[in-house]
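Reading through the structure tokens given below for one structure.
The values are calculated or read from the model by the stated rules, or taken from the named source; none is laboratory data. Predicted, not measured: the structure shown is a model, and the values here were computed from it. Cβ: placed from backbone, ideal geometry, glycine included. Neighbour counts: every protein chain shown. What goes into the accessible areas is simple: the full protein's heavy atoms, side chains included, and nothing from ligands, DNA or RNA. Shrake-Rupley method; radii C 1.70, N 1.55, O 1.52, S 1.80 Å.
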Amino acid sequence: MFHCEVIDNSKEKITIQKAKKFIESQKCGASLYFLGTVRDHNNDKTVTGITYDSHDVMVKKSFKEIYEDAINKLKLEHPTAFVEHAKGYVPLGGISVIIAVACKHRAQVYEFSRFIIEEIKKKTPIWKKEHYLGEETTWLEGKPIDINKA
Amino acid sequence: MKIKLELFGVCREFSDQDYLNFNFDSEIKIKDLRKKVESLVNKKFPENKNFLEMVKKSAFSSQNNEIVNDDFKLDKNQTISIIPPIGGG
């Protein structure tokens, strides 16, 4: 089972409760919740928030491909994943991404969750503009998409 | 032929709108469009070498939302996207 969405932070918020409802299953003995949150510093600057930009259609397509890759590569039993990423302004401490996964056994959920976040970093078209205390906002440099692996 | 280029990430700084419009007399490849964007950025932001670097490092996606290479042909009016280096999570 799989759910993914891009959440416009000005209209709604990412919540653990929604993820919990989706991944709960009596077939699974393990579940794991990963949250990405906005931290207060980066590159020696005081961060006050991050604006996320997203190519929504490609982001959802990328999430689905990553989920399918994980199933093929990790040989998971009863895999369930709930992935949501924020777009728009997220203040300090706010949730930017949630990856909630469930599987039959505990070892699989750690692998599953780690696989998803690392692949998002490499493949999913999302961008960050950081806001600082007393300094101009900056788009973070990011990593070029590998055209051959996209 | 009209190409509408949707802007994302740092490339949003290239225009007050969310896109750039280009006109071409005949069929082109992505590499030709990339050169056009580089030329526009050079003219508009001559001091900002980072913008030019970002265009060079960008990928492009087709109207079907597939990442395409520099030899991909554009032969009719369409909307595509520029995908600068990414950094979600």
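Scanning segment A:43-58 for residues that are open to solvent by 10 Å² or more (accessible area, probe 1.4 Å), touching a residue at least 12 places away in the same chain (Cβ under 8 Å) and more than 11 Å from chain B (Cβ to nearest Cβ) gives A:K45, A:T46, A:T48. Of the strands (runs of 3 or more DSSP E) lying entirely inside chain B, those containing at least 3 residues that are more than 9 Å from chain A (Cβ to nearest Cβ) span B:2-6, B:19-23, B:78-83. Select from segment A:53-82 the residues that are in a helix (DSSP H, G or I) and among the β-branched types (V, I, T) and write down the one among them that is farthest from A:S10 (Cα to Cα). That would be A:I71.
Considering (1) under 13 Å from A:A70 (Cα atoms); (2) crowded, with 16+ Cβ neighbours inside 10 Å; (3) not aliphatic (A, V, I, L, M), the lone condition that A:E118 does not fulfil carries the number (2).
Residues in segment A:110-129: is at least one away from chain B (no Cβ under 12 Å) and over 17 Å from the mean Cα position of the chain (by Cα)? Checked against the condition, which is being away from chain B (no Cβ under 12 Å) and over 17 Å from the mean Cα position of the chain (by Cα), segment A:110-129 yields no hits at all.
When restricted to residues that are more than 14 Å from the chain's Cα centre (by Cα) and crowded, with 17+ Cβ neighbours inside 10 Å, segment A:59-89 contains 4. When segment A:130-144 is limited to residues that are under 16 Å from A:I50 (Cβ atoms) and facing chain B (nearest Cβ under 7 Å), the one that is most open to solvent (accessible area, probe 1.4 Å) turns out to be A:E141. Condition first: more than 10 Å from every other protein chain (Cβ to nearest Cβ), in contact (Cβ under 8 Å) with a residue 12 or more places away in the chain and touching a Leu at 6+ places or on another chain (Cβ under 6 Å). Can you find one or more residues in segment A:86-99 that meet it? Yes: one or more hits. Does segment A:22-34 contain any residue that is closer than 22 Å to A:K121 by Cα, in contact (Cβ under 8 Å) with a residue 40 or more places away in the chain and among the acidic types (D, E)? Checking segment A:22-34: not a single residue is closer than 22 Å to A:K121 by Cα, in contact (Cβ under 8 Å) with a residue 40 or more places away in the chain and among the acidic types (D, E).
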